[in-house]
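Have a look at the structure below before the remarks.
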Amino acid sequence: MLSDNQPQISFSAPTFSCDLQPEQIQAGESVRVRVKNEGQSDAIFIIRGRSRGINFEPAKEEIELKAGQSKIVAFRPKPSSPPIIGDEKKYSFRIQVRSSSGSSQILKGKVLAKARFSLPQALLLFFFVIFSYFSVKASTPKVLAILATDTPTPTITPLPTITPTPRPHEGEILYLSFDDGPSIQWTEDILNILDEYDAKATFFIIGEKAKEHPEVIHAIEKGGHSIGHHSWAHTSLNGIGFDAFANEVRLTNAVLPNGAAACIRLPFADEGYYTEDHAANLGLEIIWWDIDPLDWQSPGQKSIENTVLSEVEDEAIILLHDGGGNRSQTVAALENIMQELNAQGYRFETLCDE
């Protein structure tokens, strides 16, 4: 519960500035987050990493700044699963800065991680193991003698080996996510496309709509997809107390056969000073995204396709919508997006499974 002496949450524009330097680092290096309080009163700022697959040292920093004061905080983002073989891999990370006034900003950067073994080293090690194996085998005395026979052994000509062309992103993972559903028309169209490519996705549903369309919820679950929270009626969760926040979660879970996964996407991306704490107290992870083609604005099928395909990278979270309006552009774009990304070797997995 919020006490009476806690600051009120406002919906005003950010009263602070922040930046990230440098925006690209090598694993093990630090980035510097500079925060300046441009408001007229003192404020508290919480700075934390918000990326899946990235560990941050420290995980969170909380600072208090007087009006006009600035401060620099250092973070060390490191991939939780760096590459084992290969030269180098690039990971995206996000750091969120939010103030006690309720406003927040997201800073984006990249960290480059070198593999433990380069590709030439891995090949050298492989051939050394093969050579060692056959050397030992050749030096081992034979135990069984093969009986001689005058019958000639037929010669079998092996069939030519066809080496498949490697796909450039074979085995890399993407996360498709859909907000504002379920919808009888658009969600079912999207499910059909996902099924065609054996792809899994995460649907952040609105509780009221889930209650109206239980058959669509059943189809989502039957397809092996995951379901996350997106509030009961798609209203902002910024500024509400813990009881009201928990009620949004409880109402939605009550209309789902198996409940929602332990994650939530905030309507309008509107996060207040206490939203993170409310979610954590309920065991919920707040899920953001890496790629947003703004499909909810109906910018055109090609615009949606170009944004996703130009920004895609390993472990990126893609934000799309299956409800909240006419999603014909999203459905049309998804067909081409899936065809292209599948050809590149990406696989699609669900969020919120941890």
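Karplus couplings for segment 52-68 from phi (6.51 cos²θ - 1.76 cosθ + 1.60, θ = phi - 60°), rounded to Hz, Gly and Pro as x?
Karplus values, whole Hz, x for Gly and Pro: 6, x, 10, 9, 10, 10, x, 6, 7, 10, 10, 10, 10, 10, 6, 4, x.
Taking every pair of distinct Cα atoms and averaging 1/r, then inverting, what Kirkwood hydrodynamic radius in Å comes out for segment 201-315?
15.3 Å
Using the Karplus curve 6.51 cos²θ - 1.76 cosθ + 1.60 with θ = phi - 60°, work out ³J(HN,Hα) for each residue of segment 32-47 in order, rounded to whole Hz, and write x for Gly and Pro.
Per residue, the Karplus-derived 3J(HN,Hα) values read 10, 9, 9, 10, 10, 7, 9, x, 9, 9, 5, 8, 9, 10, 10, 10 Hz.
Between E88 and residues 5 or more places away or on another chain, which pairs have amide H atoms under 5 Å apart, with H built 1.01 Å from N, and which residues are they?
It is A115, by chain and number.
Cβ neighbours within 10 Å, averaged per peptide: list 209-215, 90-96 in order, most packed at the top.
Numbers: 209-215: 17.0, 90-96: 20.6.
Ranked by mean Cβ neighbours within 10 Å, highest first: 90-96, 209-215.
With bins 5 Å wide starting at 0, give me the P(r) of segment 16-114 over every alpha carbon pair, in whole percents.
All Cα pairs considered, the percentages come to 3, 14, 25, 22, 14, 10, 6, 3, 2, 1, 0.
Amide H neighbours of S100 under 5 Å, counting only residues 5+ apart in sequence or on other chains, H built in-plane at 1.01 Å?
Answer set, sorted by chain and number: I44.
How high is the relative contact order of segment 38-88, in percent, with contacts defined as C-alpha pairs under 8 Å that are six or more residues apart? Display every interim value, and only then the final one.
Details: 61 pairs, mean separation 20.1, N = 51.
Relative contact order for segment 38-88 comes out at 39 percent.
For segment 16-114, calculate the relative contact order in percent as a whole number, restricting contacts to Cα pairs under 8 Å that are 6 or more residues apart. Spell out each step's value before the answer.
Working: 241 pairs, mean separation 33.2, N = 99.
Rounded, it is 33 percent for segment 16-114.
Averaged across orientations, what area in nm² does the convex hull of the alpha carbons in segment 291-354 project? Can you show the working numbers first?
Numbers: hull surface 18.1 nm².
The Cα convex hull of segment 291-354, projected and averaged over all directions, gives 4.5 nm².
HN-Hα J couplings of segment 281-287 from phi, Karplus 6.51/-1.76/1.60, θ = phi - 60°, integer Hz, Gly and Pro as x?
Values per residue, Gly and Pro as x: 5, 9, x, 9, 9, 7, 9 Hz.
Determine how many Å³ per residue the convex hull of the Cα atoms of segment 221-283 encloses.
Working: hull volume 5.2 nm³, N = 63.
Looking at segment 221-283, the number lands at 83 Å³ per residue.
Where nothing but the Cβ of Lys and Arg (+1) and of Asp and Glu (-1) is charged, how large is the charge dipole of segment 256-322 around its Cα centre, in debye to the nearest 20?
The dipole of segment 256-322 has a size of about 280 debye.
So who's got an amide H within less than 5 Å of the one on F203, skipping anything under 5 residues away but keeping other chains? H placed 1.01 Å off N, in plane.
Placed amide hydrogens put F178, S226, I227, G228 under 5 Å from F203.
Values in this text are rule-based calculations from the coordinates and carry no lab data. What you see is a predicted model; the values in this text were computed from it and never measured. Because the Cβ atoms are built from the backbone with ideal geometry, glycine has one as well, and the counts that use them run over all protein chains shown.
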